[in-house]
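The values are calculated or read from the model by the stated rules, or taken from the named source; none is laboratory data. Since the structure is predicted, the reported quantities are computational estimates derived from the model, not experimental observations. No Cβ is skipped: glycine too gets one built from the backbone with ideal geometry, and neighbour counts run over all protein chains shown. Heads up: the accessible areas ignore ligands, DNA and RNA and are worked out on the full protein's heavy atoms, side chains in. Shrake-Rupley method; radii C 1.70, N 1.55, O 1.52, S 1.80 Å.
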Amino acid sequence: YFSTEYGLHECLQTYSGGLGVLSGDHCKSASDLGLPFIGVGLMYQFGYFSQTIDVEGFQQHVYPDYDLNRLPLQRVVDAAGHELHVPVEIADRQVYLRVWKATVGRVPVLLLDSDLPINHPADRPITSVLYVSGREMRLCQEIVLGIGGVRVLEALRLRPTVWHLNEGHSALMILERLRLAMAGGQSSFDSAFEVVRRDTLFTTHTPVPAGNETFDVELVRRYLAPWSVSAGLDLDRVLTLGRTGGETNGVFNLTALALRGTARSNAVSALHAKTANSMWRGLLKADARPEIAHVTNGVHLSSWVGPQIEELLERHLGRAFAATLEDRFEERIAAIPDYELWVAHRAQKQRLVTMVRQLALRQYARHGRSPETLRSIEHLLDPEALIIGFARRFATYKRADLILRDPGRLKALIADAKRPIQLVFAGKAHPADRPGQDMIRRICQFAESPEIRGRVIFLENYDLRIARGLVQGVDVWLNTPRRPQEASGTSGMKAAMNGVLNLSVLDGWWAEAYDPALGWSIGATEVRDSEAQDLEDVESLYRALADEVLPCYYERNEQGLPVNWLRRMKLSMGRLTPRFSTQRMVREYVERFYLHSESNHGVAASDAKTLA
């Protein structure tokens with residue numbers, strides 16, 4: 001399983017957002033199911049970046065130098081017990097890679113590292129930063145991941161029967177496997193390419209053309225020339241594998257290579273599959289490739305359910321509830337007493353409020369706020385009032401600041417004495433994404449408005465720890481992507497399994513999951529121009545809050561319980577947790593794809609559960 005990022009734990013800075021968390025959860029469920037599974041990725045010396053927010057709301061970027069020897073990693077050694085060093089050709093030189101192993105349950109994740117004294121000082125930083133902005137350095141990273149990753153497996157004498165590319169970043173793996181197939185005695189380029197393709201699966205996560213990784217073809221030619229000579233392959237023939245069909249020259253597209261070089265491909269939600277097939281129809285038709293299927297993403301239950309909800313479920317469903325999600329789960333959730341569910345949720349909400357106050361105190365103290373202001377943080381957020389969470393990458397299509405479109409109207413909702421709302425934001429914008437950083441600044445400046453101070457907060461340095469606190473403790477999870485640009489989205493799934501209700505645009509996974517009994521939708525399903533869609537969606541959002549969400553939350557019975565809210569919580573947990581867990585997702589990959597690889601032609605699909 002090749003992926004450019006893995007969100008395993010906050011101590012390992014090998015992730016930036018949802019793609020990495022998905023990869024990490026995939027590995028965890030593969031371990032739970034006992035699959036013979038190996039992850040391959042990169043070990044980033046400086047991670048993604050550490051985010052701070054200055055007093056004016058501007059994002060600042062810091063790159064900590066992590067001591068890899070103090071992290072839960074092992075150095076991989078060769079048969080003689082020496083540190084494994086694997087060479088890979090990059091342009092006109094050879095770069096050596098060492099390998100770190102992160103053990104995820106039963107699953108080894110092999111992380112490649114170029115920071116070796118034997119390498120030229122200019123090559124040692126290749127694996128230093130996740131999603132580096134420079135195009136040449138990014139290409140070097142993807143050569144290391146794709147070509148170097150295959151060589152590491154060869155050096156360790158590991159021969160997978162199925163190869164899974166998670167996104168196009170690792171697509172150069174196809175070329176190295178093509179080299180090995182030719183060296184193994186395949187008579188022609190075409191027959192060797194078919195050998196590679198028949199046991200390879202590609203998962204695409206990107207529903208917009210601009211999000212697919214492309215490089216100038218002459219740059220790729222220069223960097224792959226020595227590799228092609230050593231491989232004995234015609235580089236011009238190889239480069240045609242990365243053309244989309246729309247252009248005659250100039251661009252090498254890794255998604256095009258991945259679609260051509262794999263027997264099967266899948267999107268990560270039903271709606272995303274429609275979008276992806278529309279995007280790539282020309283290539284699929286020209287190359288007689290099958291349509292892009294879909295396996296909707298999931299999340300790893302044990303990693304994301306909060307401690308109080310987990311204890312509640314263990315008490316009523318048994319300690320093994322996470323392994324029995326398909327056994328009348330909705331019915332068993334419905335039988336949990338309302339009071340006990342509300343007590344568990346309130347406990348997780350109080351933990352969130354405590355975490356927010358601790359993080360805000362540190363953040364505001366660094367800004368030089370007065371002691372009086374710092375003391376007031378003890379009252380930041382009211383645990384009794386509705387809390388809405390929004391946390392994800394601050395890419396512009398995710399529209400983190402959509403809810404701020406009419407500041408006066410939003411302030412009225414926040415400051416309502418009887419039915420107030422509170423907002424907690426978190427997320428990083430890529431260092432090169434100025435519009436994304438501007439969204440963060442607007443939110444921070446809005447939060448300083450005197451009439452709402454203390455009820456809106458932006459938490460800096462979003463990571464897995466903050467993510468857990470938010471999805472476990474807020475009341476409502478807000479998601480406002482510009483449809484249909486959200487491939488799947490998984491944060492709302494994590495929230496749902498904690499009883500948090502979703503308020504979301506009908507995009508990605510929510511387009512499949514939505515039912516009026518479970519949560520709320522924003523906007524229509526028709527795709528309009530950006531401005532019209534923004535206006536329609538923000539009106540829908542404000543209307544849903546005022547007319548549906550707030551009345552439901554603040555309506556209480558004689559015992560002080562929000563009975564209708566609790567009914568929705570139970571339905572959301574009961575229906576969505578089994579459907580959107582990585583336990584279901586990984587089983588689906590096994591039964592639909594892994595076992596149907598030609599390399600596994602002797603294994604019947606009915607044996608899936610036995611193998612798992």
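Structure summary
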{"quantity": "Dipole of the chain [Lys/Arg +1, Asp/Glu -1 at C-beta], most positive-end residue of V162, P450, A192", "calculated": "V162"}
{"quantity": "Point-charge dipole on Cβ atoms (K/R +1, D/E -1) for segment 428-475, about Cα centre, debye to 20", "calculated": "60 debye"}
{"quantity": "Charged-residue dipole, Cβ positions (Lys, Arg, Asp, Glu), segment 246-345 about Cα centre, Debye nearest 20", "calculated": "700 debye"}
{"quantity": "Backbone HN-Hα couplings from phi across segment 302-311 [Karplus 6.51/-1.76/1.60, Hz, Gly and Pro as x]", "calculated": "5, 7, 10, 6, x, x, 6, 5, 4, 4"}
{"quantity": "Given charges at Cβ of Lys, Arg, Asp, Glu: the chain dipole, positive-most of V476, V217, S521", "calculated": "V476"}
{"quantity": "Using a Förster distance of 30 Å, the FRET efficiency for A225-E154 (Cβ separation, nearest 0.05)", "calculated": "0.85"}
{"quantity": "Check: the chain dipole with +1 on Lys, Arg Cβ and -1 on Asp, Glu Cβ, in debye", "calculated": "580 debye"}
{"quantity": "Spatially proximal lysines relative to K494 (Cα-Cα < 26 Å; intrachain offsets below 8 disregarded)", "calculated": "K28, K274, K349, K398, K428, K570, K609"}
{"quantity": "Modelled label reach - R93, point 7 Å along Cα→Cβ, segment 122-164 residues with backbone N closer than 11 Å", "calculated": "122-126"}
{"quantity": "Carbon + sulfur, % of accessible area of the chain - ligands and nucleic acids excluded, 1.4 Å", "calculated": "50 percent"}
{"quantity": "The chain: antiparallel DSSP beta bridges as a percent of all, rounded to 5", "calculated": "40 percent"}
{"quantity": "Most positive-pole-ward Cα, L12, V55, A30, against dipole of segment 1-72 from beta carbon charges", "calculated": "A30"}
{"quantity": "Value of relative contact order over the chain, rounded to a whole percent, pairs C-alpha under 8 Å and six or more apart", "calculated": "14 percent"}
{"quantity": "Accessible area of the chain divided out per residue, in Å², using a probe of 1.4 angstrom", "calculated": "39 Å²"}
{"quantity": "Added length on full extension, which subtracts the Cα-Cα distance from 0.36 nm per residue, A532 to L235", "calculated": "102.2 nm"}
